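**Q** I'd like to ask some things about the structure below.
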Amino acid sequence: MATKETISSLYKEQYQAEPQLVAVAPGRINIIGEHTDYNDGFVLPAAIAQHTVVAVSKRENQIISLYSVLFKEEFTISLSELKPQKHSWVNYILGVVDQLVKKGCAISGFNMAVDGNVPLGAGLSSSASVECATAVALNQLFQLDLSKQELTQIAQLAEHTYAGVKCGIMDQFASMFGKENHVVRLDCKDLSYQYFPLELGDYALLLLNTNVKHSLASSAYNNRRAACEKAVEIIKAQYPEVTSLRDVTFSMLDELIKEQHPEIYPKAKYVVGEKLRVEGVCEALEAGDLAKVGALMVETHQGLSKDYEVSCNELDFLVDFIQPIPEVLGARVMGGGFGGCTINLVKKDYIDTLIEQIKPAYERKFHLELTPIKVSPAEGARIL
Ligand code: GLA
């Protein structure tokens, strides 16, 4: 666990001085609403305890000096030479700096040490946590006075421009706005949001990390987004009021996409269906109907696997495995997909038994470790 004390002392070893400040930003889970954010839909994420911490101080010159505790790597660049690098951890930080420069913010060079415990490539938004921790830290360090919403959008644009992933706003929003014991229902169209206490009674959320990381995940993600945009463009020609898949109905898809564009039809159909499932889960959570929540999670998984095609054998195996188990109400792939974790709604006193059953079965079949991760909603990004 990376804390203010540990990162401060690592900073001191690296830069022979105390940092001026330390900021933290968490990873996230998502209960439901997958691949809806860039379609102007709703999502239901929460920040988690796993986080990134950064320690920073100003420099008197234009030099940005970065040190990753995790990778034991240093990186130095001048503010005037900012551009995407081949190191991915560096890009999440430089992408934020670049956005600040483009906004005309008055910043100088700085030293930064970064550490964290969000598992990488597991669909828990480790990259968003680095971007948000950087944005919060630099906002304070240079007294920029940017709002949390502006910092969220800067972090998202960093991902677009320096990591090359045309992501929606969910991950950065959850990392920035997370609240302990709450999920947040975010309307990705206008960024209005509401917190709901996550009351799961005898049940808890358990993540199962497949430890599968697909190298083509970011280009496949951008392709899915392009398919959605194409569907909107076609429908808009007939229904000018439509600006995103949020405004699209099943009957519009039947009329204009199903026969004419069979390659994008399943993708658009999944998104339109997911919009309804988010509403269903919100109602079921309010009514305390966890069985319904679980059933909708499984429906989402089937859609993500068969229609949206962002699952993989390992994830499908885990979701199939839990289906006959009455103590597990539901499971699905979480986040962008192509590997990473399933999120499972499991009876608390059954968690250990589930792990004892599913871990060896998975490991025998795929010769990969299955890592269980217990999660609960935690506080969002802040200065420590
Ligand atoms: C990734 C992206 C998010 C979102 C999810 C899928 O995590 O960064 O914006 O699209 O995938 O819901």
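**Q** Out of the range 105-121, which residues are touching a Ser or Thr at 6+ places or on another chain (Cβ under 8 Å) and more than 21 Å from Leu21 (Cβ to Cβ)?
**A** Pro119, Leu120
**Q** Looking at (1) in contact (Cβ under 8 Å) with a residue 60 or more places away in the chain; (2) assigned to a helix (DSSP H, G or I); (3) open to solvent by 20 Å² or more (accessible area, probe 1.4 Å); (4) under 26 Å from Gly335 (Cβ atoms), can you tell me which one Gln140 breaks?
**A** (4)
**Q** With over 30 Å from Asp320 (Cβ atoms) and open to solvent by less than 30 Å² (accessible area, probe 1.4 Å) as the only criterion, which of Val248, Val281, Val212, Val272 stands out? Even if it seems obvious, please write down each step before you answer.
**A** Numbers: Val281 fails: over 30 Å from Asp320 (Cβ atoms); Val212 fails: over 30 Å from Asp320 (Cβ atoms); Val272 fails: over 30 Å from Asp320 (Cβ atoms).
Sole residue among the options that is over 30 Å from Asp320 (Cβ atoms) and open to solvent by less than 30 Å² (accessible area, probe 1.4 Å): Val248.
**Q** Out of the range 251-269, which residues are open to solvent by 60 Å² or more (accessible area, probe 1.4 Å) and assigned to a helix (DSSP H, G or I)?
**A** Across the range 251-269, the qualifying residues are Ser251, Asp254, Glu255, Lys269.
**Q** Answer yes if at least one residue in the range 140-157 is among the acidic types (Asp, Glu), under 25 Å from Val118 (Cα atoms), within 19 Å of the chain's Cα centre (by Cα) and more than 16 Å from the ligand (Cβ to nearest atom), and no otherwise. Walk me through how you get there before you give the answer.
**A** Step one: of the range 140-157, the residues among the acidic types (Asp, Glu) are 145, 150.
Still in the running and under 25 Å from Val118 (Cα atoms): 150.
Cutting the leftovers down to within 19 Å of the chain's Cα centre (by Cα) gives us 150.
From what's left, more than 16 Å from the ligand (Cβ to nearest atom): 150.
Yes.
**Q** Would you point out the residue of the range 233-250, among those that are assigned to a helix (DSSP H, G or I) and among the aliphatic types (A, V, I, L, M), that is nearest to the chain's Cα centre (by Cα)? Before you say what the answer is, go through the steps one by one.
**A** So in the range 233-250, the residues assigned to a helix (DSSP H, G or I) come out as 233-238, 245-247, 250.
From the residues that got through so far, the ones that are among the aliphatic types (A, V, I, L, M) too are 234-235, 237, 245.
On the way: Ile234: 29, Ile235: 29, Ala237: 33, Leu245: 20 Å.
Filtering first and then ranking leaves Leu245.
**Q** Name the one entry in Glu309, Glu314 that is modelled with pLDDT of 95 or more, open to solvent by 50 Å² or more (accessible area, probe 1.4 Å) and either β-branched (Val, Ile, Thr) or under 23 Å from Gly121 (Cβ atoms) (or both). Explain how you work it out, then say what you get.
**A** Numbers: Glu314 fails: open to solvent by 50 Å² or more (accessible area, probe 1.4 Å).
From the options Glu309, Glu314, the qualifying one is Glu309.
**Q** Yes or no: the range 89-104 includes at least one residue that is among the β-branched types (Val, Ile, Thr) and either part of a strand (DSSP E or B) or out of contact with any Ser or Thr (no Cβ under 9 Å at 6 or more places or on another chain) (or both). Talk me through it step by step, then tell me what you get.
**A** Initial filter on the range 89-104 (among the β-branched types (Val, Ile, Thr)): 90, 93, 96-97, 101.
Checking the rest, the ones that are also either part of a strand (DSSP E or B) or out of contact with any Ser or Thr (no Cβ under 9 Å at 6 or more places or on another chain) (or both) come to 101.
Yes, the range 89-104 contains at least one residue that is among the β-branched types (Val, Ile, Thr) and either part of a strand (DSSP E or B) or out of contact with any Ser or Thr (no Cβ under 9 Å at 6 or more places or on another chain) (or both).
The values are calculated or read from the model by the stated rules, or taken from the named source; none is laboratory data. Being a predicted model, the structure only gives us computed values, none of them experimental. So basically every Cβ, Gly included, is an ideal-geometry build from the backbone, and we count neighbours across all protein chains shown. With ligands, DNA and RNA removed, areas are computed over all heavy atoms of the protein, side chains included. Shrake-Rupley method; radii C 1.70, N 1.55, O 1.52, S 1.80 Å.
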